[in-house]
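Working notes for the structure below.
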Amino acid sequence: MIKARVTVTLKNGVLDPQGKAIEGALGSLGFDGVGQVRQGKVFDLELTSADPAKAKEEISAMCEKLLANTVIEDYSVELV
């Protein structure tokens, strides 16, 4: 069993309205000094594969096809 964590974030230069809303909310809650907030998403996966290289390849295919919109998002895969 292989466990992996996929982190998906917006590419630099892509407008992030959720991040802006979070940034404003933090300021209104009294958290000063927050310059910029960018939001993203995290996926924790368990694969039955025993080969880490094959698992990473399969996860990258999952990201390309479903988990990330690669036009506006970047992703990283970490085997844990």
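Each reported figure results from applying straightforward, stated rules to the coordinates on display, with no laboratory input. Here the structure is a predicted model, which is why all the values come from computation and not from measurement. Every residue, glycine as well, gets a Cβ built from its backbone with ideal geometry; the counts of neighbours run over all protein chains shown.
Structure data summary
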{"quantity": "Radius 15 Å from Cβ of VAL80, net charge of other residues (Lys, Arg +1; Asp, Glu -1)", "calculated": "0"}
{"quantity": "Overall dimensions of the chain as given by Cα atoms, namely Rg and Dmax in Å", "calculated": "15.9, 48"}
{"quantity": "Backbone N within segment 50-80 under 16 Å of label point (7 Å from GLN36 Cα along the Cβ vector)", "calculated": "73-74"}
{"quantity": "Segment 6-26 residues near the modelled LEU66 label - backbone nitrogen below 12 Å, point 7 Å along Cα→Cβ", "calculated": "none"}
{"quantity": "Cut-off 20 Å, label 7 Å out along Cα→Cβ of LEU79, residues of segment 1-34 by amide N", "calculated": "1-8"}
{"quantity": "Size of electric dipole in segment 2-79: Cβ of Lys, Arg +1 and of Asp, Glu -1, about Cα centre, debye, nearest 20", "calculated": "80 debye"}
